[in-house]
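A quick write-up on the structure given underneath.
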Amino acid sequence: MIDISGGRATAHAVHGARLVVIPGMGHHFAPGLLDRLLDLIAQHSRQGAPM
C-alpha cells in the first residue's frame, strides 16, 4: 500500500484531478462501494478534459 501522500501528490500533478479518499478502501473494491465509484467516474468524465 502507498501512503495517502502519494495519492495527494498524484492528484496535484494531474491537471483537473480530484482526490477522493474513501475510508477503508484498499486495492480491492469494497462491497457496497461500486455505485459510489461509478458516480465519481461519471462526474469526472462529464467535466471533460481541456484541450
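Computed from the coordinates by the stated procedures, all read-outs in this text should not be read as laboratory data. Predicted, not measured: the structure shown is a model, and the values here were computed from it. Counting neighbours? That spans all protein chains shown, and the Cβs are built from the backbone with ideal geometry, glycine included.
Values as computed for the structure displayed
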{"item": "HN-Hα J in Hz across the stretch 13-21 - Karplus 6.51, -1.76, 1.60, θ = phi - 60°, x for Gly and Pro", "result": "7, 9, 4, x, 6, 9, 7, 10, 9"}
{"item": "In order through the stretch 34-44: 3J(HN,Hα) via Karplus (6.51 cos²θ - 1.76 cosθ + 1.60), integer Hz, x for Gly, Pro", "result": "4, 4, 5, 5, 5, 5, 5, 5, 5, 4, 5"}
{"item": "Identified option (computed volume of the Cα convex hull per residue in Å³; candidates (1) 70; (2) 96; (3) 81)", "result": "(3)"}
{"item": "Within the chain, trypsin sites (Lys or Arg not before Pro) in DSSP loop having at most 12 other beta-carbon neighbours inside 10 Å", "result": "ARG18"}
